[in-house]
Amino acid sequence: MEEFPEIKKVRLIAEQAGLILLSTLNQAHEVRTKGFQDVVTEADHRSEAFILSQLQSYYPTHAILTEESGFHHHSDPEATIQNSLGSEDIWFIDPLDGTMNFAHNVPFFCTSIGYAHKGELVLGVIHDPVRRETFYAVKGKGAFCNDTPIQVSSPVDIREALLATGFNPRILEHGRDNIPVFAKFMELTAGVRRMGSAALEMAYVASGRLDGMWELALHAWDVAAGIVIAREAGALVTDLKGNEACFKPPFEFLMAVPEMHAKFLEIYQSVPQPWDMHDEN
């Protein structure tokens, strides 16, 4: 059995992938549309290929789930994303989170690498190449940014809280409407940011720059690293019904300073949704 992944090694992989992204920032990009409001660039593929090659070299028996090329496993090449979450050792890779920003040369994006062992998220790295900030955590060992410990913000009055969210096109497919929720939070708080990179926003909650955030209908690679980092920084992370077992489809969550989480969840749940396809959760 391979040894537990070394966080320094994973950090270096994420940071080197970030250099690939920076090498083409502010240039014309090869942009391909995958779906409505969903694009991929040449940089996504180059970053992913590099991360894949590194992880497969260091951890050849581990499974890897990536945004652009799906599920990779040496012993089961025909396996699908649907059964990948049960792998004993699995990596979740977003080689460029914030692709729409990147495609428009907006400098808010990151690389995100999460790792789970026997179904439990235990390691996460999020690297912002523009600001040269690397957020990382190993379960039980705290959260850091560039070797400096980080933690969530102190509780504030709800009117002073700054939050973040997103509006990906899959939300309506999952029976959600985030617009009225966004409007409600805008009425009650200091504001809600939509910055275009869920992973980096999660790192901002972990480092105390945001007091909380919620997201709907994401993917495993969007949230794996951020959940580890946020929890190690002291955030309470649950699904939209308050369950801490939130790393499962449709990968919806609310994270916040623990003392404020219940109030944020109450506000979210106070807004009627058009329909709910996930009552069983």
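The values are calculated or read from the model by the stated rules, or taken from the named source; none is laboratory data. All values reported here derive from a predicted model rather than from experimental measurement. Here Cβ is always computed from backbone atoms with ideal geometry, including for glycine, and neighbour counts include all displayed protein chains.
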Subset of segment 157-169 [surrounded by 12 or more Cβ atoms within 10 Å (Cβ to Cβ) and in contact with a strand residue (DSSP E or B) (Cβ under 9 Å, 6 or more places away or on another chain)] = Ala161, Leu162, Leu163, Ala164, Thr165, Gly166, Asn168
inquiry  = On the basis of being modelled with pLDDT under 95, among the aromatic types (Phe, Trp, Tyr), farther than 23 Å from Val125 by Cβ and surrounded by fewer than 19 Cβ atoms within 10 Å (Cβ to Cβ), does Phe182 make the cut?
reply    = no
query = Does Phe109 fit the bill of being surrounded by 24 or more Cβ atoms within 10 Å (Cβ to Cβ), touching a residue at least 40 places away in the same chain (Cβ under 8 Å) and more than 14 Å from Ala206 (Cβ to Cβ)?
reply = yes
request  = Could you pull out every one of the helices (runs of 4 or more DSSP H) wholly within segment 162-240 that has 1 or more residues that are of a type outside the set (Ser, Thr, Tyr) and farther than 24 Å from Thr99 by Cα?
outcome  = 178-188, 220-232
query = Which residues, counting only those in segment 141-163, are more than 19 Å from Gln16 (Cβ to Cβ) and free of Cβ contacts under 8 Å to residues at least 24 places away in the same chain?
reply = Thr148, Pro149, Asp157
query = What do you reckon, is Glu232 outside the structural domain of Ile64 (by TED's automatic domain parsing), over 15 Å from Gly124 (Cα atoms), touching a Gly at 6+ places or on another chain (Cβ under 6 Å) and modelled with pLDDT of 95 or more?
reply = no
